[in-house]
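Read-outs throughout are calculated quantities, based only on the coordinates presented, and are distinct from any laboratory measurement. Everything numeric here is computed off the predicted structure, so don't read it as measured data. Note: ideal-geometry Cβ built from the backbone for every residue, glycine included; neighbour counts use all protein chains shown.
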Amino acid sequence: MSMQQRTVWASLIAFILVGIVYAAVMIPRTIGSSPEAISWVWPMGIAMGSIVVVIIAGVIVSTIGGAISATVRGEEPEFEEGDERDKQIENYGDAKGLSVGSFGALGAIILAMNDVDPFWIAQLLFAVGLLGGIVGAALKLRAYSRGL
Amino acid sequence: MPRSTKVTNDIRTLRFMHGEMTQAALAKSVGVTRQTIIAIEQGRYSPSLEVAFQIARVFGVPLESVFSYADDVDA
């Protein structure tokens, strides 16, 4: 497995994991509260930072795990850099993910036009960003296993 | 079910004929990952012209001895 493919796996796990935790933290806060009273900036900032940390940790753990597994099997550990196929798959997944994200941007503009509280605009952009990341990563993994 | 391309190849046979060259050795010679060689052999990936020529060069044969394009029977 190339480093790019490990990063895709780690990204998918990070997006899903952080999304679930963030929703678990924020949904109870929104129930019965006005948007102005909800503290969301720090949780969102921490969530964004956590995505980066989880991806880096995931790549490190999977690389070490893969090396140990290969050594146990008597094979030489693979630390392969990506190639043209990885690049094509990356571009394909990123394009699909960004197209999902563009709907979020459109939604955010519509909300801003209607003077909706910044809380909801931020939540929409964050949620669609996560969704775009999940869609992009899932499509990349599908392309790795089934072809482009 | 994996998506297959119309580009077929005889890389597996050529590897066998060249001292049972491993996928890893071919990948190293060409400068791609072993996964990419596997994907090409299984018809899940069509390589760039540059990689295709490099593969042919490793085996010392013309490009058309490695790759062929299937006739479109539905056309």
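What the table below lists for this structure:
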| read-out | value |
| --- | --- |
| Selected residue (criterion: farthest from the chain's Cα centre (by Cα)) from residues of segment B:1-28 that are within 12 Å of chain A (Cβ to nearest Cβ), of a type outside the set (D, E, K, R) and in a loop (DSSP other than H, G, I, E, B) | B:Met1 |
| Sole residue being over 24 Å from A:Gly132 (Cα atoms) and of a type outside the set (Val, Ile, Thr), chosen from A:Ser2, A:Ser39, A:Ser50, A:Ser11 | A:Ser39 |
| Candidate set from segment B:29-66 (those that are loosely packed, with under 15 Cβ neighbours inside 10 Å and among the charged types (D, E, K, R)); member that is nearest to the other protein chains (Cβ to nearest Cβ) | B:Glu50 |
| Qualifying residue in segment A:132-142 (condition: within 14 Å of chain B (Cβ to nearest Cβ), over 30 Å from A:Ser33 (Cβ atoms) and not in a helix (DSSP H, G or I)) | no |
| Qualifying residue in segment A:116-128 (condition: without any contact (Cβ under 8 Å) to a residue 12 or more places away in the chain, among the acidic types (Asp, Glu) and not in a helix (DSSP H, G or I)) | no |
| Residue within segment A:91-98 that is within 14 Å of chain B (Cβ to nearest Cβ) and either in a helix (DSSP H, G or I) or surrounded by fewer than 14 Cβ atoms within 10 Å (Cβ to Cβ) (or both) present | yes |
| The lone exception for A:Val54 - which of (1) among the hydrophobic types (A, V, I, L, M, F, W, C); (2) within 13 Å of A:Ala127 (Cα to Cα); (3) touching a helix residue (DSSP H, G or I) at 6+ places or on another chain (Cβ under 8 Å) it fails | (2) |
| Subset of segment A:4-47 [surrounded by 12 or more Cβ atoms within 10 Å (Cβ to Cβ), without any contact (Cβ under 8 Å) to a residue 24 or more places away in the chain and not small (Gly, Ala, Ser)] | A:Val25, A:Arg29, A:Thr30, A:Pro43, A:Ile46 |
| Some residue of segment A:112-125 being within 14 Å of chain B (Cβ to nearest Cβ), surrounded by 14 or more Cβ atoms within 10 Å (Cβ to Cβ), touching a helix residue (DSSP H, G or I) at 6+ places or on another chain (Cβ under 8 Å) and among the aromatic types (Phe, Trp, Tyr) | no |
